[in-house]
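**Student:** Submitted below is the structure of interest, expressed as structure tokens.
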2 protein chains.
Amino acid sequence: MDAVPLATPEEAWRIAKSLNYRHIGGTVVAVVQDVETGEVLMVGHMDPVAVVLTLTTGLAHYYSTSRKRIWLKGETSGHYQIVKEFRTDCDGDAVVLKVVQIGAACHTGARSCFSSPASFKIRLNRDA
Amino acid sequence: MDAVPLATPEEAWRIAKSLNYRHIGGTVVAVVQDVETGEVLMVGHMDPVAVVLTLTTGLAHYYSTSRKRIWLKGETSGHYQIVKEFRTDCDGDAVVLKVVQIGAACHTGARSCFSSPASFKIRLNRDA
């Protein structure tokens, strides 16, 4: 599909309605990847309104399951995510966003939540 | 950190205990990436036992929130995931697995759940 500037409200609502909000707080899981490198930057959650706002503005919005409200990523930090691609999975309970990340995705200031000072990495080599 | 063949049970349990199982069914979200291409193959969930089994065997195990049991990915399909890297995020409620996928990640037979016949993609271009 060719890129469109933004989804229309009708198209966004049709997509939002097609998803299965079976996760915590009535959400789908949103995996956020850097559009250039494929690095996973963060995992968030979206309710139907966050999906519509994301698709109609091109800026990632999430539903905070702790604060129980929608938030625009970057609304306080300025670290917006410009969404280039939005994909749903086979059973509609997860989405992947490919984004241009302004600044840092993680609240710690790290580029990715998975490379923050508080994150942990182990490499395995079963074939060794 | 250098790759180790597999985590010891003690190390695996230490890692499993450090996570925050706040998601559906008492789980963390597990994002699965192809270790070579970075493609997101699927999103699953893990409880503490699935984390321990994954780290001590090098094969991805998940917790099925619908069937309420642990499963070895590939146990019926043969489509195992050999885990090369396991990362936690900044607040310990999500992990990224980088895997060698045997066969298909998706139950539809698609390589990725996000490129299955049932999935949907929209590309945006806010800057256009």
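The values are calculated or read from the model by the stated rules, or taken from the named source; none is laboratory data. Since we're looking at a predicted model, the values are computed, not measured. Using ideal geometry, Cβ is built from the backbone for each residue, glycine included, and neighbour counts are taken over all protein chains shown.
**Student:** Whether any residue in the range B:71-84 is of a type in the set (A, V, I, L, M) and in contact with a Phe, Trp or Tyr (Cβ under 6 Å, 6 or more places away or on another chain) is what I want to check. Please lay out each step first, then the result.
**Tutor:** Here is the first cut: in the range B:71-84, the ones of a type in the set (A, V, I, L, M) are B:72, B:82-83.
Restricting the remaining residues to those that are in contact with a Phe, Trp or Tyr (Cβ under 6 Å, 6 or more places away or on another chain) gives none.
Checked the range B:71-84: no residue is of a type in the set (A, V, I, L, M) and in contact with a Phe, Trp or Tyr (Cβ under 6 Å, 6 or more places away or on another chain).
**Student:** In the range B:68-90, which residues are in a loop (DSSP other than H, G, I, E, B), more than 7 Å from chain A (Cβ to nearest Cβ) and out of contact with any strand residue (DSSP E or B) (no Cβ under 6 Å at 6 or more places or on another chain)?
**Tutor:** Here is the first cut: in the range B:68-90, the residues in a loop (DSSP other than H, G, I, E, B) are B:68, B:73-80, B:89-90.
Checking the rest, the ones that are also more than 7 Å from chain A (Cβ to nearest Cβ) come to B:68, B:73-80.
B:Lys68, B:Gly74, B:Glu75, B:Thr76, B:Ser77, B:Gly78, B:His79, listed by residue number.
**Student:** Tally time: how many residues in the range A:108-127 are more than 7 Å from chain B (Cβ to nearest Cβ) and among the charged types (D, E, K, R)?
**Tutor:** Residues meeting the conditions: 2.
**Student:** A further question follows. Taking the conditions exactly as written (within 20 Å of A:Ile24 (Cβ to Cβ) and within 13 Å of another protein chain (Cβ to nearest Cβ)), does A:Val35 satisfy them or not? Before the answer, list the steps.
**Tutor:** Details: within 20 Å of A:Ile24 (Cβ to Cβ): no; within 13 Å of another protein chain (Cβ to nearest Cβ): yes.
Judged against the criteria, A:Val35 is not a match.
**Student:** Let me ask another. Please work out which residue is nearest to B:Gly44 (Cα to Cα), limiting yourself to the range B:108-128 and to residues that are part of a loop (DSSP other than H, G, I, E, B) and in contact (Cβ under 8 Å) with a residue 24 or more places away in the chain.
**Tutor:** Only one residue fits best here, namely B:Ser112.
**Student:** Here is a follow-up. Inspect all residues belonging to the range B:103-116 and state whether any of them is within 12 Å of the chain's Cα centre (by Cα) and either crowded, with 16+ Cβ neighbours inside 10 Å or among the aliphatic types (A, V, I, L, M) (or both).
**Tutor:** Within the range B:103-116, the subset within 12 Å of the chain's Cα centre (by Cα) is B:105.
Still in the list and also either crowded, with 16+ Cβ neighbours inside 10 Å or among the aliphatic types (A, V, I, L, M) (or both): B:105.
Among the residues of the range B:103-116, at least one is within 12 Å of the chain's Cα centre (by Cα) and either crowded, with 16+ Cβ neighbours inside 10 Å or among the aliphatic types (A, V, I, L, M) (or both), which makes the answer yes.
**Student:** Inspect all residues belonging to the range B:36-51 and state whether any of them is in a loop (DSSP other than H, G, I, E, B) and either at pLDDT below 95 or of a type outside the set (Asp, Glu) (or both). Step through it out loud before you land on a result.
**Tutor:** Here is the first cut: in the range B:36-51, the residues in a loop (DSSP other than H, G, I, E, B) are B:36-39, B:47.
Among the residues that remain, those that are also either at pLDDT below 95 or of a type outside the set (Asp, Glu) (or both) are: B:37-38.
Yes, the range B:36-51 contains a residue that is in a loop (DSSP other than H, G, I, E, B) and either at pLDDT below 95 or of a type outside the set (Asp, Glu) (or both).
**Student:** Go through (1) in a loop (DSSP other than H, G, I, E, B); (2) at negative phi and name the single condition A:Ala16 misses.
**Tutor:** A:Ala16 satisfies every listed condition except (1).
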